[in-house]
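Step one of this worksheet: look at the structure below.
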Amino acid sequence: LKDALDAEPTDRPAAPETLDRVRLLLGACLAAEGKFADAVAQFDAVAGNPKGPHYAAAVERSGAALFAAGEFQKAADRLAPFRDKPELRGVGGVSDRAVLRLAESFAGAKNWDAARQTYEVFFQRYGGSPHAAAARYGLGWTLQNQ
């Protein structure tokens, strides 16, 4: 994937969407290897275009990589738009995961009140999500810690 980005032909450049998909795949591979900073760089390169078709996925994955790296406040800052911006609330398969990870980021930072509130937002918007069981567990853990 790195070679694909480096070896882009100059006579017939790839479509930006294709390069974005390559960056998302490369970022996923880097995150799986535990190279979170490199993964975030790839995801952020895609997220640099808010009008692009992969913007929401890139922001969510960037936040998830920061979370996995233990940078909970940075992850929360990156993921907060999924809670706050109406245009990011209904992105299928992305928004629910992002709000769940936002709540988990607040919990990781031991900001229990913000975590509880965000779990409540998750249930209001995405109660039927496949991630609802994880959110219920997280909410219980948060309430216990409060």
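Derivation of every value follows stated rules applied to the coordinates shown; laboratory data play no part. Only a predicted model underlies this, so the values are computations on that prediction, with no experimental measurement involved. Because the Cβ atoms are built from the backbone with ideal geometry, glycine has one as well, and the counts that use them run over all protein chains shown.
The table below lists the values:
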item: Nearest 10 degrees, 0 to 90: helix 95-108 Cα axis against the chain principal axis; result: 60 degrees
item: Förster radius 25 Å - calculated FRET efficiency between D113 and E87, Cβ distance, rounded to 0.05; result: 0.40
item: Spin-label proximity, D77 to region 112-140 - amide N less than 12 Å from point 7 Å beyond Cα toward beta carbon; result: none
item: Length-normalised contact order of the chain in % [C-alpha pairs under 8 Å, at least 6 apart]; result: 14 percent
item: Potential extension, K2-Q144 segment - 0.36 nm per residue separation minus Cα distance; result: 46.7 nm
item: ³J(HN,Hα), Karplus 6.51/-1.76/1.60, whole Hz, each residue of region 130-146, x for Gly, Pro; result: x, 9, 5, 5, 5, 5, 4, 4, x, 5, x, 5, 5, 4, 4, 6, 5
